[in-house]
Amino acid sequence: MSQLTEIKITSKQRKFAELLVKYDGDKSATECAILSGYPKKTARIYASRLQSAKEFPKVANYISLLREEIHKKYMSNITRHMKRLDELSKNAESEKNYSAAVNAEVSRGRAAGLYVDRKEILTGSIDKMSKIEVADRLKDLRNRFPEVIVDVSHEEIESQD
């Protein structure tokens, strides 16, 4: 017998807990209490109290166990993830949707560590360069972009103004 069936709570409390976990985030606890049969006028109070481990420890424990089961059911692990991507790939391929099949396979490869995303971020500042490094860099830029870089002294620019 599972832990859930061993917990002795009323059917209304059980329904509240199950709805609370089922609609987690989609419905408020108050709405779940109303759907469970608690009066609208006092549903907010019941919703709050039923979740309290001090006031209703069995109901709070039941809610906790339900959430654990949901977590286990939907928790992702590498095996489940790889299996799901494989299913998606095969289904896409059978539908002749090769782009989706390739994407699923690439995702499987990434999950398995077969691909390495390598990014180099080169940042620098002229302030951190020596005079020789600056001169070398300018020489390199002049060679690479001769049409863009024009050799003009600051005196020539000032005389044009």
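Structure data summary
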{"quantity": "Accessible-area ranking of THR30, THR79, THR10, largest first, probe 1.4 Å", "calculated": "THR79, THR10, THR30"}
{"quantity": "Geometric extent, Cα atoms of the chain - Rg, Dmax (angstrom)", "calculated": "32.5, 94"}
{"quantity": "Distance violations [Cα-Cα > 20 Å] among LYS27/LYS72; LYS22/LYS58; LYS8/LYS54; LYS12/LYS58; LYS27/LYS54; LYS12/LYS41", "calculated": "LYS27/LYS72; LYS27/LYS54"}
{"quantity": "Solvent-accessible surface (1.4 angstrom probe) belonging to ILE78, in square angstrom, nearest 10", "calculated": "100 Å²"}
{"quantity": "Accessible surface, the range 56-161, averaged per residue in Å² (probe 1.4 Å)", "calculated": "87 Å²"}
{"quantity": "Fraction of accessible area attributable to carbon and sulfur, the chain (%, probe 1.4 Å)", "calculated": "53 percent"}
{"quantity": "Two-site FRET efficiency, ARG49 against MET75, from Cβ-Cβ distance with R₀ of 35 Å, rounded to 0.05", "calculated": "0.70"}
{"quantity": "For ASP24, solvent-accessible area (1.4 Å; no DNA, RNA or ligand), Å²", "calculated": "100 Å²"}
{"quantity": "DSSP loop GluC sites (Glu not before Pro) with at most 14 other Cβ within 10 Å excluded, longest remaining stretch of the chain", "calculated": "1-54"}
{"quantity": "Descending principal axes extents, the range 1-70, alpha-carbon based, whole Å", "calculated": "36, 24, 19"}
{"quantity": "Cut-off of 10 Å, at most 11 other beta carbons, DSSP loop: longest stretch of the chain lacking such trypsin sites (Lys or Arg not before Pro)", "calculated": "120-161"}
{"quantity": "Projected label distance in nm at ALA135 and GLU31, using a 7 Å step from Cα toward the beta-carbon", "calculated": "7.3 nm"}
{"quantity": "Whole-number percent relative contact order across the chain, with pairs defined as alpha carbons under 8 Å at least 6 apart", "calculated": "13 percent"}
{"quantity": "For the chain, calculated [θ]222 nm from helices alone, where every DSSP H run of n ≥ 4 adds -39500 (n - 2.57)", "calculated": "-19500 deg cm²/dmol"}
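The values are calculated or read from the model by the stated rules, or taken from the named source; none is laboratory data. Just so we're clear, the structure is a prediction, and the values are computed from it rather than from any experiment. Please note: Cβ atoms are built from the backbone with ideal geometry, for glycine as well, and neighbour counts cover all protein chains shown. Side chains included, ligands, DNA and RNA excluded: accessible areas come from the protein's heavy atoms. Shrake-Rupley method; radii C 1.70, N 1.55, O 1.52, S 1.80 Å.
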